[in-house]
Amino acid sequence: MRVAITGASGFAGGHLVDACGTAGDTVVPLSRSAGVDLLDAEAARRAVAEAAPEVLYHLAAKASVGRSWEDPRRALTENVTMTLNVLEAVRAEAPRATVVVVGTGEVYGPPERLPVTEDAPLHPQNPYAVSKASAELLGGFYADAHGCQVIRTRAFNHAGPRQSPIYAIASFARQIADGRRRGKNPVRVVTGNPDVRRDFTDVRCVARAYRLLAARAPAGVYNVCSGVTPSIREIVALLGEVSGVRVEHEVDPQLVRDHEVMEIRGAHDRISEATGWEPVIPLERTLGDAVAWWEAHPG
């Protein structure tokens, strides 16, 4: 299978590159680090024409919720523009390709009921979520108007090795690794709201989900999630357990976000029925691998 991956140098994109390579796919990265500017419509079209993909995974995005609050215009403009340019390039240069437009469970906002299914209304509560809801609508439009094979995912939180510390679990894991390296016990871990609950899936399970969707699923919208929502407090305690240290958990009021959704939990019945996918890597391994990665990469 010949596949193109936008955002191939990012966290989930890098793990997807690994998964595709292990499966024997020919992978063409379409990212800034590969010299492709997806904000340039002509450059995107040339890149897709040269890649000639059978499947295109679109992961490139400004993906930080926190940073989207700091610069909402950039999050909205870039995420929507990149998606438009990718879809238009596929329509023109690779019309038979399957496109997986990777979105986020953040588009649901405060859920009316849990777990959230794909039929729930969208009520995004931050600029990043608004940008991804818009990008997802573009994907649906290209499927309806142009007959493109577009699969849209709503991936809930994911974690694992190689993640930037601007994200919660990666930040906590780095703090644990730094403390262990300095011989601290207990180790201080600073977080935002400790009672927030999020649906975390190991990034390697997420990458497998994207491949299975491209291979087996009909066009449509699919949650990618675990259906399990530990609190931040519970995650920090579990990090201490898997790392063999005592933890001093400190809440920084400046890290507590306004407009916070207290619990986001998804249902993955639709993807499981379409592809057989299930999340198989337990949270303990995800956390342990994240700490081990930071210990090996202290910079």
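The values are calculated or read from the model by the stated rules, or taken from the named source; none is laboratory data. Note that the structure is predicted; figures quoted are calculated from it, not measured. For neighbour counting, all protein chains shown are included, and Cβ atoms are generated from backbone atoms with ideal geometry for every residue, glycine included. Note: accessible area is taken over every heavy atom of the protein model, side chains too, but ligands, DNA and RNA are not part of it. Shrake-Rupley method; radii C 1.70, N 1.55, O 1.52, S 1.80 Å.
Working note: 222 nm ellipticity from helices only, DSSP H runs with n ≥ 4, each -39,500 (n - 2.57), summed and divided by the residues of the chain, gives -14000 deg cm²/dmol to the nearest 500. Answer with one residue from 164, 222, 294: the one whose Cα lies farthest towards the positive end of the charge dipole of the chain, charges on Cβ with Lys, Arg +1 and Asp, Glu -1. Going by the Cα projections, it comes out as 294.
Equivalent ellipsoid of the stretch 149-250: semi-axes from √(5λ) of the C-alpha gyration tensor, largest first, are 32, 13, 10 Å.
Nearest 5 percent is fine: what portion of the DSSP beta bridges confined to the chain is antiparallel? Please report the intermediate quantities before stating the final value.
Working: 1 of 36 bridges.
Within the chain, antiparallel bridges account for around 5 percent of the total.
From the largest down, the chain spans 58, 40, 38 angstrom on the principal axes of its Cα atoms. Taking all protein chains into account, the per residue accessible area for the stretch 31-112 stands at 46 Å² (1.4 Å probe). Within the listed set 211, 113, 188, the Gaussian network model of the chain (springs between alpha-carbon atoms below 10 Å) gives the highest mean-square fluctuation for 113.
Would you please classify the overall shape of the stretch 1-117 from the alpha carbon gyration tensor, given that a ≥ b ≥ c denote the square roots of the eigenvalues, rounded means a/c under 1.5, and beyond that prolate means a/b larger than b/c while oblate covers the rest? Working shown, then result.
Details: a/c = 1.79, a/b = 1.40, b/c = 1.28.
Prolate.
Where the accessible area of the chain is counted over protein heavy atoms with a 1.4 Å probe, how much of it, in %, is carbon and sulfur? Percent of accessible area from carbon and sulfur atoms in the chain: 48. Each Lys and Arg adds +1 at its Cβ and each Asp and Glu adds -1 at its Cβ; summed about the Cα centre, the chain shows a dipole of about 520 debye.
With a/c under 1.5 counting as rounded, go ahead and sort the stretch 63-166 into rounded, prolate or oblate using the C-alpha gyration tensor (a ≥ b ≥ c being the square roots of the eigenvalues; past the cut-off, prolate if a/b is larger than b/c, else oblate). List each step's numbers first, then the result.
Values: a/c = 1.72, a/b = 1.38, b/c = 1.24.
Prolate is the answer for the stretch 63-166, as a/c is 1.5 or above and a/b outweighs b/c.
Determine the dipole magnitude for the stretch 221-299: charges of +1 sit on the beta-carbon of Lys and Arg, -1 on that of Asp and Glu, nothing else is charged, the reference point is the Cα centre, and the result goes in debye to the nearest 20.
Numbers: 6 positive and 14 negative charges, 26 e Å.
Dipole size: approximately 120 debye.
Each part gets one Cα centre, and for the stretch 179-202 versus the stretch 222-292 those centres are 11 Å apart.
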